[in-house]
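Asker: I have a structure I would like to understand better, so I am pasting it below and will then ask my questions one at a time.
The values are calculated or read from the model by the stated rules, or taken from the named source; none is laboratory data. No experiment lies behind these values; they were computed from the predicted model shown. Ideal geometry is used to build each Cβ from the backbone, glycine not excepted, and the neighbour counts take in all protein chains shown.
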Amino acid sequence: MGILTGKRALIVGVATDRSIAWGIAKAMHEQGAELAFTYGNERLKDRVEPLAASVGSNIVLPMDVTVDAEIDAVFASLASTWGHLDVLVHAVAYAPREALAGGFAESTSREAFRVAHDVSSYSLTALTRAAAPLMAGRKPGGQRALSGL
């Protein structure tokens, strides 16, 4: 029995078995957490599904973090399946390939910067907003933890 036994966690950001999100998921699983995963596209789905299965999870949902309707669909699915959520792990980041080549000033367009911040930063706000109703009343401090961000 681990310290997370009975807790339910959504893991966002697994891309490979070397992802920070995957390391977090494995550690949480070892401590007894029940896990759900998302993937951003079909290529990632083929990577995430076997990893999720290896920790006993059959909840693997598509979610582009830049699309509010997809975020809403994931949390509606979790509400229907689990009824509540204890942990949200946000470990997603992205920048267009062209913004990662060459020097920072030369390679970063305004649009690439916007995309990188939407995916890597704003998505935490969007996910937190969607997770809040599922975390309300959870111990310890579900709603308080979200409002303290």
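Asker: Kindly list the number of the only condition in (1) within 12 Å of the chain's Cα centre (by Cα); (2) without any contact (Cβ under 8 Å) to a residue 12 or more places away in the chain that fails for Phe75.
Answerer: (2)
Asker: Just to check your reading of the model, which residue among Leu51, Leu35, Leu85 is surrounded by 15 or more Cβ atoms within 10 Å (Cβ to Cβ) and part of a loop (DSSP other than H, G, I, E, B)?
Answerer: Numbers: Leu51 fails: part of a loop (DSSP other than H, G, I, E, B); Leu35 fails: part of a loop (DSSP other than H, G, I, E, B).
Result of the check over Leu51, Leu35, Leu85: Leu85.
Asker: Moving on to the next point. So Met28 clears everything in (1) under 15 Å from the mean Cα position of the chain (by Cα); (2) at pLDDT below 95 except one condition, right? Which one?
Answerer: So Met28 meets the others, but not (2).
Asker: What residue, of Thr108, Thr128, is at pLDDT 95 or above and among the polar types (S, T, N, Q)?
Answerer: Details: Thr108 fails: at pLDDT 95 or above.
The match here is Thr128.
Asker: Next question. Contact list please: Cβ distance under 6 Å, first residue in the range 102-114 and within 21 Å of Val65 (Cβ to Cβ), second residue surrounded by 11 or more Cβ atoms within 10 Å (Cβ to Cβ), pairs at least six apart or on different chains.
Answerer: Pairs found: Thr108/Ala99; Ala112/Pro96; Ala112/Ala99.
Asker: Please work out which residue is surrounded by the fewest Cβ atoms within 10 Å (Cβ to Cβ), limiting yourself to the range 2-32 and to residues that are under 17 Å from Ser120 (Cβ atoms) and among the aliphatic types (A, V, I, L, M).
Answerer: Ranking the qualifying residues of the range 2-32, first place goes to Ile20.
Asker: Looking only at the range 88-110, count every residue that is over 30 Å from Ala36 (Cβ atoms) and either touching a Leu at 6+ places or on another chain (Cβ under 8 Å) or hydroxyl-bearing (Ser, Thr, Tyr) (or both) and tell me the total. Quick ask: steps written out before the conclusion?
Answerer: First, the residues of the range 88-110 that are over 30 Å from Ala36 (Cβ atoms): 98-99, 101-110.
In the following step, the residues that additionally are either touching a Leu at 6+ places or on another chain (Cβ under 8 Å) or hydroxyl-bearing (Ser, Thr, Tyr) (or both) were identified as 107-109.
Number of matching residues: 3.
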